[in-house]
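In what follows, a single structure is set out as structure tokens and then discussed.
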């Protein structure tokens, strides 16, 4: 090892077993690129492919969960859908409300094989009126009597009763008619509304409202669109026909083959048959949007006419083809389809959905306006596009067998997106920010006993709420991929089967020849929640590990066995003994999913090195040392003053990552102490550092911290620039990168006039990123009555769009003046929020992030016990545990933190 610098053992000092373990130690999943290629090849060749898992067949009704019997396997759907959506909402004859026009009708023919004898057909169908079943034996061409026996709203099961058995090996087709309601809750087939510019033609009295229909089927809403086998491993081909209004355009996963007028109101558009794919990836839209060609004629971007005319789609158009080409080179597999459409929708949640060949986005994450949108927004657009396009391989081409392994989709896509953006926008340095944006987010959540494994048992993930609960930081960010091994040749363009984690391990073993069972090595990382803290004592060379928890007294199922980190013990103790006052640094470049603790002497040597010559410590580790120190202090493994001392070298630091690490961790101190006497010294001790930060490129962090801590010149600057904009005929000359900070601070320092000006600008702005910044700034006011008004606005979809309700409430809760208001509000209106918003987890976490008193804990526990939480159950459990941790941490550290900031303030005064 390079003593005095890094723990980086030489190859000669490693056993073969350790060489394998060390490679895996730095990742949660390894060999991502070549693994996907090999896995795809295995599936296509059929050689050594994992057998399709089976579920025992029963003639009894299924339990109230989501799993279907495996007696029938779908091959192909022929689907005709007619959204009865007017371009402008008008009242049909006999309709008493415009909403009565918002229905869809359709019919489907599903061709399937029987693999186990059965006299019942179980499919999924929810919130549908299903009729007219016609069942045909395709081999004999005979009709089989059938009737719809049951449609279970709780489980989503549709049962058909038959008068004879379906025989093993038989091929059948089932025709069904159905009818459903177009949703206004951003799920299944839903309605979206936007304003058209310019004004409508003379004689039109419906105003400028325009409507479109779009699908959003992940994870379990395909069953609300049409009767189907709605599980990810039950892949099939889809032949789709959409009947839609004249002057509208229908899009689906594949290319249009024919579009003909049916009568004076309707036309039909038929699409090519898709590859075999999961039901949740089926998609279509009906709108008046027209495309802009993106890079090649096969890649198109659709958006509101005004956004397209203003050039807001240009950036997405510029990078889409380049990202696709990067993935094709990296994966050595061509993009499967012959077209890719991307569409910016006025309403959607989550922010984007990777439907194969028709990717849907919120407008705010696809559109970018040069000179108005910030650099951060541009980076976000690139990152989300890259994530969704990575799914065209990870998730669409090869798909997890069941939702408990959704990390195989989301984790790989998240990781690979950083490589893609780094290739097309190298100045963004996205591979560096991966640590801050993803790894640290997963660390935070995984440090609670209420965390979950990357791959929970299938039986623990059955209901829709349980599935949705898995879409969190752990699923998206815990995966770390090392793509250092192997090459593969191109493969034929066919859609792959579903896969499990064992397929992943087998495919890795085909590439790397370490002689160890990858399954045995990796299973503990995947099936156990949590991660280890590695403790190194450089005085005697001892090294050991245990699970890292903020609350070390909490119960945990974590077992400290068979983890790759234990292989470190194969090294001689001498490798870890510091000599002649030299420091030792482990986890070089922060490649491992673990934290590192040292004896006090080594910590002091590292901090001294940072202050004297920080460049001897790699950039990534300068940020990681801060993050480790603060979180070790939260877990009471080191003293809190040691963590605070880890930031002192920042006076001279000019790089973004260490500062970002410090800002993120100090934010926890703000949350815990901004309602106490500690906050005053915290504000006073910082201005010299903030002025220093002004010299570096991360000005947003600098100005944000300076203004929020009351630096007079910063607050005055914000007020001045905002006031200039407020003048009659004033123009907005605030730099795009600083608008979010300036807007917030000006609204916070102002009153009714500033707030209402920002609200008017929010309503009138046509730029989506500008609207986001203004919407967030409105929550910064210190006026309680304005915050209450703003909360009430979230109940009115004409003021705050449904997709923005939770983030708006969360922004209000982030304001110390609004935290209690937001908490009371969500409890008073939980039924409304829950009804229209399935992804409530992050709202619970945001609103409770300041909780640090026994009174708040009591209220939170009562809320968790008395309310129907749906998919937020796990988030409520985490919030309860985190609040308990916060209470104890404040009790243990308040005095020490106060003294440290007072000392720093006094030292600053002397300087």
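The values are calculated or read from the model by the stated rules, or taken from the named source; none is laboratory data. Quantities reported herein were computed from a predicted structural model and do not represent experimental measurements. Counting neighbours? That spans all protein chains shown, and the Cβs are built from the backbone with ideal geometry, glycine included.
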Hey, residue 866 surrounded by fewer than 18 Cβ atoms within 10 Å (Cβ to Cβ) and more than 23 Å from the chain's Cα centre (by Cα) or not: yes
Any chance residue 406 is closer than 23 Å to residue 275 by Cα and touching a residue at least 24 places away in the same chain (Cβ under 8 Å): yes
Residue ID - nearest to residue 300 (Cα to Cα), chosen from residues in the range 252-267 that are in contact (Cβ under 8 Å) with a residue 60 or more places away in the chain and assigned to a strand (DSSP E or B): 252
All helices (runs of 4 or more DSSP H) inside the range 761-823 with 1 or more residues being surrounded by fewer than 17 Cβ atoms within 10 Å (Cβ to Cβ) and either at pLDDT below 95 or out of contact with any strand residue (DSSP E or B) (no Cβ under 8 Å at 6 or more places or on another chain) (or both): 784-793
Test: residue in the range 425-435 that is under 19 Å from residue 324 (Cα atoms), surrounded by 24 or more Cβ atoms within 10 Å (Cβ to Cβ) and either modelled with pLDDT of 90 or more or touching a strand residue (DSSP E or B) at 6+ places or on another chain (Cβ under 6 Å) (or both): no
Subset tally (residues that are without any contact (Cβ under 8 Å) to a residue 24 or more places away in the chain and either within 26 Å of the chain's Cα centre (by Cα) or outside any helix (DSSP H, G or I) (or both)) for the range 280-313: 1
Residue in the range 568-593 that is modelled with the lowest pLDDT, counting only those that are over 28 Å from residue 612 (Cβ atoms) and crowded, with 20+ Cβ neighbours inside 10 Å: 568
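Taking only the range 646-658 into account, find how many residues are in a helix (DSSP H, G or I) and buried (at least 18 other Cβ atoms within 10 Å of the Cβ).
Within the range 646-658, the subset in a helix (DSSP H, G or I) is 648-651, 656-658.
Checking which are buried (at least 18 other Cβ atoms within 10 Å of the Cβ) leaves us with 649-650, 656-658.
The number of residues fulfilling the criteria is 5.
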Answer residue from the range 323-380, given it is more than 19 Å from the chain's Cα centre (by Cα) and without any contact (Cβ under 8 Å) to a residue 24 or more places away in the chain and is surrounded by the fewest Cβ atoms within 10 Å (Cβ to Cβ) among those: 329
Members of the range 385-411 that are within 15 Å of residue 471 (Cβ to Cβ) and part of a helix (DSSP H, G or I): 387, 388, 403, 404, 405, 407, 408, 409, 410, 411
Among the residues listed as 643, 633, 688, 662, the single one being part of a helix (DSSP H, G or I) and modelled with pLDDT under 90: 688
Output for the range 719-745, where each listed residue is surrounded by 23 or more Cβ atoms within 10 Å (Cβ to Cβ) and under 14 Å from residue 755 (Cβ atoms): 722, 743, 744, 745
